[in-house]
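Engineer: Structure in C-alpha cells, see below.
The values are calculated or read from the model by the stated rules, or taken from the named source; none is laboratory data. Since this is a predicted model, take the numbers as computed values, not measurements. Reconstructed Cβ throughout: ideal geometry from the backbone, glycine too, with neighbour counts over all protein chains shown. In case anyone asks, the SASA skips ligands and DNA or RNA and just uses the protein heavy atoms, side chains included. Shrake-Rupley method; radii C 1.70, N 1.55, O 1.52, S 1.80 Å.
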Amino acid sequence: MEVLDIARWQFGITTVYHFLMVPLTIGLSLLVAGMQTAWHRTGNPKYLAMTKFWGKLMLINFAMGVVTGIVQEFQFGMSWSEYSRFVGDVFGSLLAIEGLVAFFVESTFLGLWIFGWSRLPKRVHLACIWAASLATVASAYFILSANSWMQHPVGAILGPNGRPQLRSIGDLLTNSTVLAAFPHTMFGALAVAAALLVGVSVWHLARRAGTDTPVWRASVKLGGWVGVVAFAGVALTGDLQSKLMFEQQPMKMAAAEALCHTEKPAGFSIFAIGDVTRPDCENVKSITVPALLSFLANSDLDSEVKGVEDLVKIYKAKYGENYPDDPRMGSFAGKPIEYVPNLPVTYWGFRLMIGFGALAALASAAALWLTRKGRMPNGRWFVWAALGGIATPFLANSFGWIFTEMGRQPFVVVPNPSGVDGVWMYTAQAVSAISSTEALISLISLTTLYGVLAAVEFFLIRRYAMAGVAGVMPPKPEEPDEDEKKSEDVLAFAY
C-alpha cells in the first residue's frame, strides 16, 4: 500500500473520531450555560440539577476532546510534514489565535466554573460558564477558518520559496467559505447535544425516576425543541454552503450528484441505482426532482449545471494533465491526475448526511409529541428509538465531514477559481518522506490508542448518564451511605 493511502486512512480515522467530541462539547456548553441562566433567573432547583448533570457529561467529553486533539497533532507531523510546511505561514496565525485566545479562555473559565461552585458569587459563576461556552464557539470559528482556507484560499500570495505567505488575516477570518460553514457547523453541534438530551432523558423517564421526573421532562422538551430548530438551521445554512461549493468547488458538487453530463435544467438526485463509480455514469438510473439542482446551485430553475466530464476538461486545461515530474512526488511523479473524487463516497456520503440529519429532527419532533402534557409511551420501542436517535446527528456530522474532505480530492489545498495564483497543493505532494512500514506503524498505533480512548469515553459517559441526578447533586444528610457514594465518584471534585 502507498504511503499516501495509509496517511489518508490515518487522517480519516483520527479526524472523524475527534470530530465526534467537538460538536457535543460545543452544543452542550451552550445548553448548559442556558440551563444555569434559567436557574439563576428562576431559582427553580430542576434547572440546577440539569446544569450539574449535563455539565458533568460536557466536562467528560471536553477532556476526551482535548486528548484526541493533541494526538491528532502528532499525525500531522508524522504523515503530512510537506503539507505542514506548505500551509505553516498561513495556518500559524489562526492556530496561534485559537490556542492563545480561545482555548486559553475556554480552559481558564471552565476551571473557574468547575471549582467555583459555592466559592464564587452566583453571577460571577454564571459568567464563567458563558465565557467558556463563547470561547468554545470562538475556537470552532478559528479552526473552521483554517479548514476553509484549504477549501478556498484567500488573503495569501505564493512566496518566492514556493509557499503561501499571509497578506491579510482579515481576509482569512471573513472568507466566504467560513461564513457559510460556521453557522452550519454550529447548528449541527446543537443537533448532537439535543439528541443526547432526548435519548438519556427518555431512558430515565421510562425508569420512572420519581422526584427527578421534572428534570427529565424539562430536558426532553429542551432537547426536542433545540433539535427541531437546529435541523431547520442546518438545512438553510446547508443551502448557502452548497451554492458556494458550486462556485468554488464545482467538481465536488457534481460528484455529490453523480452528475456526469452537463444538464440544463439539472434535476436533484434523490436515489441512484447502478454503478456510480464510473465517471461516465453508464448504466446509472437516478430518481430525480426536476430542475431542483439548478435552483440549489444558482437560485434559477432553468440554469445550467456542469457535469463531471466537462469539468475534467476544464481542470486539465487550468491545472495540467499530469503531476509534476518531481522525485519528491514519489510514484505519482509524471502520472496523469485523477480530478474526479471517489464518486460512491461523495454521492452516498452527501445523502447519508442529509438522511441522518432528517432522522435526528424527526426523533426530536416525535419525542416532543409523544411526551406532551405529561404523557409517556409504555412501549420499550420508544426508549430504544430515543437511545438510537442519539447516534443519528453524530453520523450526519461524520458523513458531512467525510464528504467535505473526500470531495476536494485530488487537492489538499483547493485552487481558488477567482484568483490567488499558484496557491494550491495536490494531496500526493503533502505526505511525509517516510516508508510504508513507518506509516503503517503510525496508523496502527494511533488507531489502537483511539480505540482505547473510545472505550474510556463510552464507559464514563454511560456511567454518569445512568447515575442520573443523584450522581451530581449534593447527597442528602439522611442518606446512610453518603461517604461511600462520595468516594466512588471520581468527578466529585467538580461540584
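Engineer: Tabulate in residue order the Karplus-calculated ³J(HN,Hα) for region 288-301, using 6.51 cos²θ - 1.76 cosθ + 1.60 with θ = phi - 60°, rounded to whole Hz; enter x for Gly and Pro.
Structural biologist: Per residue, the Karplus-derived 3J(HN,Hα) values read 10, 9, x, 6, 5, 5, 4, 5, 5, 7, 10, 6, 9, 5 Hz.
Engineer: So what is the 222 nm mean residue ellipticity for the chain from helices alone, if each DSSP H run of at least 4 adds -39500 (n - 2.57) and you divide by all residues, rounding to the nearest 500 deg cm²/dmol?
Structural biologist: Value at 222 nm, helices only, nearest 500: -23000 deg cm²/dmol.
Engineer: Long-range amide H contacts for Val413: which residues qualify at under 5 Å (H placed 1.01 Å from N, peptide plane, sequence gap of 5 or more or a different chain)?
Structural biologist: Distant-sequence amide H within range of Val413: Met425.
Engineer: Within straight cross-link reach of Lys56, meaning Cα distance under 18 Å, which lysines are found once same-chain residues fewer than 8 apart are removed?
Structural biologist: Reachable lysines: Lys46, Lys485, Lys486.
Engineer: With Rg and Dmax of the Cα atoms in Å as the read-out, I listed [x] 24.4, 79; [y] 23.6, 75; [z] 25.6, 97; which label goes with the value calculated from this structure?
Structural biologist: [x]
Engineer: Around Glu263, which amide H atoms from residues at least 5 apart in sequence, or from another chain, sit under 5 Å from its own amide H, with H modelled in the peptide plane?
Structural biologist: For Glu263, the qualifying residues are Val305, Gly307.
Engineer: Give the shape of region 167-241 as rounded, prolate or oblate, defined through the alpha-carbon gyration tensor: a ≥ b ≥ c are the square roots of its eigenvalues, a/c under 1.5 means rounded, and otherwise the shape is prolate if a/b is larger than b/c and oblate if not.
Structural biologist: prolate
Engineer: Still on this structure: Can you give me the Cα centroid spacing of region 315-330 and region 368-387 in angstrom?
Structural biologist: Region 315-330 and region 368-387 have Cα centres spaced 58 Å from each other.
Engineer: Roughly what angle does helix 81-97 make with the longest principal axis of the chain, taking Cα atoms, 0 to 90 degrees, to the nearest 10?
Structural biologist: The answer is roughly 40 degrees.
Engineer: Can you divide the C-alpha Rg of region 348-457 by 2.2 N^0.38 Å and report the result to two decimal places?
Structural biologist: So region 348-457 has a normalised radius of gyration of 1.63.
Engineer: Next question, about the same structure. Enter the Cα centre distance for the pair region 9-47 and region 119-195, rounded to the nearest angstrom.
Structural biologist: Centre-to-centre (Cα) distance: 16 Å.
Engineer: Right, another one. Using only the alpha-carbon atoms, how far is helix 380-389 inclined from the longest principal axis of the chain? Give it as 0 to 90 degrees, nearest 10.
Structural biologist: For 380-389 against the chain, the angle is about 50 degrees.
Engineer: State whether region 312-406 is rounded, prolate or oblate according to the following rule on the C-alpha gyration tensor (a ≥ b ≥ c being the square roots of its eigenvalues): a/c under 1.5 gives rounded; otherwise a/b larger than b/c gives prolate, and the remaining case gives oblate.
Structural biologist: In terms of gyration-tensor shape, prolate.
Engineer: What does the charge dipole of the chain about its Cα centre add up to, to the nearest 20 debye, if the Cβ of each Lys and Arg holds +1 and the Cβ of each Asp and Glu holds -1?
Structural biologist: 1860
Engineer: Residue by residue through region 324-338, which ³J(HN,Hα) values in whole Hz follow from phi under the Karplus form 6.51 cos²θ - 1.76 cosθ + 1.60 (θ = phi - 60°), with glycine and proline marked x?
Structural biologist: For region 324-338, the Karplus-derived couplings read x, 7, 10, x, 5, 7, x, 6, 8, 4, x, 7, x, 8, 8 Hz, x marking Gly and Pro.
Engineer: Kindly express, to the nearest 10 degrees and within the range 0 to 90, the angle between helix 343-370's C-alpha long axis and the longest C-alpha principal axis of the chain.
Structural biologist: 20
Engineer: Output wanted: per-residue J couplings in Hz (rounded whole) for region 68-78, from phi through Karplus 6.51 cos²θ - 1.76 cosθ + 1.60, θ = phi - 60°, x for Gly and Pro.
Structural biologist: Coupling constants for region 68-78: 5, x, 5, 4, 4, 4, 5, 5, 5, x, 6 Hz.
Engineer: Would you mind checking which residues have amide H under 5 Å from Thr288's amide H? H placed 1.01 Å from N; only 5 or more apart, or other chain.
Structural biologist: Ile270
Engineer: At 1.4 Å probe size, with the rest of the protein present, what percent of the exposed accessible area of region 219-357 is carbon and sulfur atoms?
Structural biologist: Summing carbon and sulfur atoms, their accessible area is 62 percent of the total for region 219-357.
Engineer: Among all lysine pairs in region 282-411 that are eight or more places apart or on different chains, how many have alpha carbons less than 20 angstrom apart? Write down the numbers at each step before the final one.
Structural biologist: Values: Lys285/Lys306; Lys306/Lys316; Lys306/Lys318; Lys313/Lys335; Lys316/Lys335; Lys318/Lys335.
Lysine pairs meeting both conditions in region 282-411 amount to 6.
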